[in-house]
Protein chains: 4
Amino acid sequence: MIVVMSTGSGEKEIKEVVKRLEQAGFKGHLSTGVERTVIGVVGAAPGLSDLRETLVLLPGVDDVVPISKPYKLSSREFQPVNTVVNVNGVRIGGGQLVVMAGPCAVETEEQAMSTAHAVKAAGASILRGGAYKPSTSPYQFRGLGEEGLKLLAMARQETGLPLITEVLSPGDVDLVSQYSDILQIGTRNMQNFVLLDEVGKSNKPVLLKRGLSATIQEWLLAVEYVLSQGNRQVILCERGIRTFETHTRNTMDISAIPAIHSLSHLPVIADPSHGTGRQDLVTPMSLASVAAGADGLMIEVHPTPHLALKDGAQSLDFEQFSELMNRIAPVAAAVGRNIAGRES
Amino acid sequence: MIVVMSTGSGEKEIKEVVKRLEQAGFKGHLSTGVERTVIGVVGAAPGLSDLRETLVLLPGVDDVVPISKPYKLSSREFQPVNTVVNVNGVRIGGGQLVVMAGPCAVETEEQAMSTAHAVKAAGASILRGGAYKPSTSPYQFRGLGEEGLKLLAMARQETGLPLITEVLSPGDVDLVSQYSDILQIGTRNMQNFVLLDEVGKSNKPVLLKRGLSATIQEWLLAVEYVLSQGNRQVILCERGIRTFETHTRNTMDISAIPAIHSLSHLPVIADPSHGTGRQDLVTPMSLASVAAGADGLMIEVHPTPHLALKDGAQSLDFEQFSELMNRIAPVAAAVGRNIAGRES
Amino acid sequence: MIVVMSTGSGEKEIKEVVKRLEQAGFKGHLSTGVERTVIGVVGAAPGLSDLRETLVLLPGVDDVVPISKPYKLSSREFQPVNTVVNVNGVRIGGGQLVVMAGPCAVETEEQAMSTAHAVKAAGASILRGGAYKPSTSPYQFRGLGEEGLKLLAMARQETGLPLITEVLSPGDVDLVSQYSDILQIGTRNMQNFVLLDEVGKSNKPVLLKRGLSATIQEWLLAVEYVLSQGNRQVILCERGIRTFETHTRNTMDISAIPAIHSLSHLPVIADPSHGTGRQDLVTPMSLASVAAGADGLMIEVHPTPHLALKDGAQSLDFEQFSELMNRIAPVAAAVGRNIAGRES
Amino acid sequence: MIVVMSTGSGEKEIKEVVKRLEQAGFKGHLSTGVERTVIGVVGAAPGLSDLRETLVLLPGVDDVVPISKPYKLSSREFQPVNTVVNVNGVRIGGGQLVVMAGPCAVETEEQAMSTAHAVKAAGASILRGGAYKPSTSPYQFRGLGEEGLKLLAMARQETGLPLITEVLSPGDVDLVSQYSDILQIGTRNMQNFVLLDEVGKSNKPVLLKRGLSATIQEWLLAVEYVLSQGNRQVILCERGIRTFETHTRNTMDISAIPAIHSLSHLPVIADPSHGTGRQDLVTPMSLASVAAGADGLMIEVHPTPHLALKDGAQSLDFEQFSELMNRIAPVAAAVGRNIAGRES
């Protein structure tokens, strides 16, 4: 951290800053420039960000600039080697492309079963599906709850595909863990810190979606909640951020994929269904994500999207999904990957 | 809702849309223009927004445009008369300006007590303070928990000021309700729907902060969760939204204040402390909020902001707060309000 | 500027950075911390921001952090005393509130004349009106051109109100200067650097609107173009920024008003007409702007807004404008200002 | 366009709206729902968007919803077949991937020449380079001007590569046209309508970058300025939009590439250099753009990026560019394209 003194400040103000730093257990290292003095803060990091808040109020201080990254356990500096998350033999982050697919929300046994079989046949290696659905409006469909979990578990058993489903509340973590192989934290809960603590204590891998307006740094700090509770099996999922553009539901930040790979050792996948909100953009954005180095994809599939109870507009039907898988294969190959569980 | 057919579509596609509408219990009303046909959807509203998702996938459909507002109970149309939230005799939304003030986080008994007395002396009529603090990083101060609630309750008892404090988790609603007069839902939890359901079932007034990147419509839909559970005592709080600007922590959307007053019957207050993140901007933005018609203010106050454990940079000291109250009074008077509980 | 070395870097990389700094005419001042070394860059400022771009590429460099503000002439540090822009005796930035009002676009002689008389009668001290209109679409009304300038000049002569109008192109600066007392640069031209150079060479005061997605720093750098050409008569105008919110046309960043007053000596006014795009929000946002310390307001007025050729939805009619002026007066008084040219 | 009446409105208000529509040359077509009436506006499109502004002010009108796209000449509906822009035999939009590469700014003859030869050798088919540079600050390097154009023309002659360079001002269009094969309009000038008119009158192909906070619709409307002046040779270029994320300079909206292909017949290319601002992200984002269907790429290349006068941090050196071309080739092949001018 660097304390930048204002051009008009003098010795008295500098002494006051150094004194405050020492009270907090740090040392101040002065550097006197032509126009102003800057004070380097030397010492161990914890508590620095709260300290920053208060230093800025001292007389003569113009700005306080952080220079360390506030996340540790998720950083590439902490662990240079890639984390590989192993879900019943499916390895995420290990070089292969892992495709998770299934309905936005489970509606009926037949819908769940037929979709599970269809995505498996097309080459998906993990089944996704929602039983607890966050909805902007209380008057929309909110999922089947535990009944939905049971249908998903049946589909898992029949197809052998591991299951990922969302958990919305700390009180549901145990229940959802009984059915699901991966716990998904949705975009609206990225900073639900009580929930993050709770899944951090579970022994299930966690997939953490990026918040609607979260910076990459905030996203990695949310991951830090899970990791610091002892759970090191975390997958990140880019699913679009909120911008002024209205043509798409969100704006996919594809550059977050290589950025995460550079900053962190954790795997990162892409969700072009929520990232675009448009069926016609799912395929090109899937290809783009793979080309940018995504470790996997999460795709919404429905037997009859135009009759879906939720998110039909962004769901692919079975044929479209199969076509997508066929188009992904050569792009994956072009960047040195192959699709997990699919014969090449 | 309006279904806009594409210019190239014909009778067959139109019939298909009308059929789909009728299956879902609606009627289609055709309007044939020079370039294209539009189909008005006639029928009761529930389920419309999920239907919209699927109509857009039908052949020949160019766009589906919602025309009804998706929130009901919070709308001015549903209830033309202003809701007044009564908190132990302090009336929010009743014409007077209600000032809530206190520390971001409770740290010690002395800090809590001295701040409570100071804000009361300066004219605040509700005490704010945090015991459970959401922090971007797990390594930052996260509040004293129930110990903090007890300190706040002591401060309430001594000063007679009603108390507002934040609840972070559905499991804590009962506990926090034992101590607090108003339940605060923070910005990161605006779409924590399980928590919204839970406070909707309580009999305490709820203050709901706007989400970091929430539209006004999404904010009112979040309110709808609380109202539809039976709790009609809701206060909205504008606290800044996320934009590209980095000079301030957030960008306060002051225009949301008159916009909410036009769309809804619920009271709306402003939080310039979080809205700006800068001590020097709290006063001008407080004045602006009052001039724009805010029903109240929420201000962070600390005995020694430069030593605060949290959010020091945006906290006022006692003298600054007192000065703020003095400057607010004439602006409030100029827009026909006076400060609740303060002798004029 | 501070060069932050990565934790793994050693003496060799540090030497390379220092060498590069010296080649560019600067000195490097080392500060060795527990985790990493930072290098303070000492020397005069010009060229620093281009240098920053290249330092970041050197081996072992983690980040390069600017600490000086890149604008000079517009900064409060350069000139502590407020600039007062004098327009034919109307002083902007001198403590009084200056109201500029008139039609978005001049349409006819009668419209121009009647509006000029009405805004004068209600207490405006400067007449605004557009002859060259930037339109998102080429198929919209683009203004009357020089014919419009002539009508505005007539209105100025009859009422005695100084005139402000927009100039869109470097080639039009001379022509517009013959008619107008203030040259307005619109939001879409805030970074039209050739145009900024050109008005910087003129002897007319310049009003520079904030760009649609411009940071405060970029805005002040745009001002710097005008000032560095020798023209020191610049007024800033906050008119809303682009965010995800769709209820309003733009989101007014009211906090920019006190922020500019803190960073710069130049006057800043507010334009709630473009800032909101909604007639019903113009008055509350005018009051908020005045309370936050704006040096003036710019308001669109039209005899019959529902028949206006441009921006009718955000224009006030004569009665609404008169009512606005009556409501502004007490708020201005409450913050220690009075309205220029209006008997109190 | 649809006029949505408020729930409380009656026959009188509806009649008033219909009367106003008829005055403006349109017809109103009523559709009476359970809760409210909507009025479809029937008639030819020009002037509709200005009319919308004023209808919203009529009593009883709740909202006015546009349903037609306001751009015509750039739309896929107007011209179903792809436009192919032919630049001295290099065909953009014709199925092959066209790579434009070169220095951000021309600095010296040697830099221009060596870069031109290097990018040609690596497989680029168009040379890019800036002589007139828009700079956020007036104190930064602003380009060599006409001297730079001459150096670029020399490099073109030696290598045979067609040239693209930016024009900043309407007054420079003729001069730049004498040297350049494509006129580039930069992001800050996307809504410089006078400049758009001027290049619309020239006979050179135009490359129009997306504005920093421009919606796709606004971008296509800016294109419409050029097309409506008679110049139909337009290329769009996605180069990142402004969001809250600070890790990258901008956020590349890769989904704009397939969106433009769906909405328009014009070719669209990607600029990952400006889109990310980071050398290390240029390659993955180039691959992503190609996978998403971009018709070309624009890449900044410099002999020694760490010594560049401008934008060094996002420039590739010769070896990095050559490596990029090698990595693009298989991804292009995977989506059915090959690189123009490169032996496969």
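Worth pointing out:
- Residues in segment D:149-172 that are within 16 Å of D:G186 (Cα to Cα) and surrounded by fewer than 17 Cβ atoms within 10 Å (Cβ to Cβ): D:G171 alone.
- Residue check, C:V81 open to solvent by less than 20 Å² (accessible area, probe 1.4 Å), away from chain D (no Cβ under 14 Å) and under 25 Å from the mean Cα position of the chain (by Cα): no
- Filtered by the rule that a residue be away from chain A (no Cβ under 14 Å), within 28 Å of B:N326 (Cα to Cα) and not basic (K, R), segment B:123-157 gives B:G123, B:A124, B:S125, B:I126, B:L127, B:G129, B:L152, B:A153, B:M154, B:A155, B:Q157.
- Qualifying residue in segment D:58-69 (condition: of a type in the set (G, A, S) and within 14 Å of chain C (Cβ to nearest Cβ)): yes
- Residue selection: D:A124 fails the criterion of being closer than 17 Å to D:G312 by Cβ and open to solvent by less than 20 Å² (accessible area, probe 1.4 Å).
- Which numbered condition D:N250 fails, given (1) farther than 23 Å from D:I182 by Cα; (2) in contact (Cβ under 8 Å) with a residue 60 or more places away in the chain: (2)
- So C:V87, is it open to solvent by less than 10 Å² (accessible area, probe 1.4 Å), out of contact with any Ser or Thr (no Cβ under 8 Å at 6 or more places or on another chain) and more than 13 Å from C:A340 (Cα to Cα): no
- Close pairs (8 angstrom Cβ cut-off, 6 or more residues apart or separate chains): touching a residue at least 40 places away in the same chain (Cβ under 8 Å) and at the interface with another protein chain (Cβ under 9 Å from one of its Cβ atoms) in segment A:1-22, surrounded by fewer than 21 Cβ atoms within 10 Å (Cβ to Cβ) and β-branched (V, I, T) anywhere: A:I2/A:V65; A:I2/A:I67; A:I2/C:V65; A:I2/C:I67; A:V4/A:V65; A:V4/C:I67
- For segment A:200-231, a tally of residues being charged (D, E, K, R), open to solvent by less than 10 Å² (accessible area, probe 1.4 Å) and part of a loop (DSSP other than H, G, I, E, B) returns 1.
- Each residue in segment C:321-344 was checked for being open to solvent by 10 Å² or more (accessible area, probe 1.4 Å) and within 11 Å of another protein chain (Cβ to nearest Cβ), and 7 pass.
- The listed residue being within 18 Å of D:L266 (Cα to Cα) and crowded, with 18+ Cβ neighbours inside 10 Å, out of D:L51, D:L21, D:L73, D:L57: D:L73
- If you check D:I260, D:I299, D:I235 for being in contact with a Ser or Thr (Cβ under 8 Å, 6 or more places away or on another chain), surrounded by 21 or more Cβ atoms within 10 Å (Cβ to Cβ) and in the same structural domain as D:G93 (by TED's automatic domain parsing), only one passes: D:I299.
- Residues being charged (D, E, K, R), more than 17 Å from D:I299 (Cβ to Cβ) and modelled with pLDDT of 95 or more - total across segment D:317-344: 0
- Any hit, segment A:175-195, residues being under 20 Å from A:A340 (Cα atoms) and open to solvent by 20 Å² or more (accessible area, probe 1.4 Å): no
- Breaking point among (1) under 23 Å from B:F26 (Cα atoms); (2) part of a strand (DSSP E or B); (3) not acidic (D, E), for D:I67: (2)
- Any chance B:G40 is crowded, with 18+ Cβ neighbours inside 10 Å and either assigned by TED's automatic domain parsing to the domain that holds B:I216 or in contact with a Ser or Thr (Cβ under 6 Å, 6 or more places away or on another chain) (or both): yes
- Test: D:G160 is more than 18 Å from D:F321 (Cα to Cα), more than 22 Å from the chain's Cα centre (by Cα) and among the small types (G, A, S): yes
- A count restricted to segment B:249-273 and to residues that are β-branched (V, I, T) and more than 16 Å from C:M252 (Cα to Cα) stands at 2.
The values are calculated or read from the model by the stated rules, or taken from the named source; none is laboratory data. Fair warning: this is a prediction, and the values are worked out from it, not measured in the lab. Note that we place each Cβ from the backbone using ideal geometry, even for glycine, and neighbour counts take in every protein chain shown. These accessible areas exclude ligands, DNA and RNA; they are computed on the full protein's heavy atoms, side chains included. Shrake-Rupley method; radii C 1.70, N 1.55, O 1.52, S 1.80 Å.
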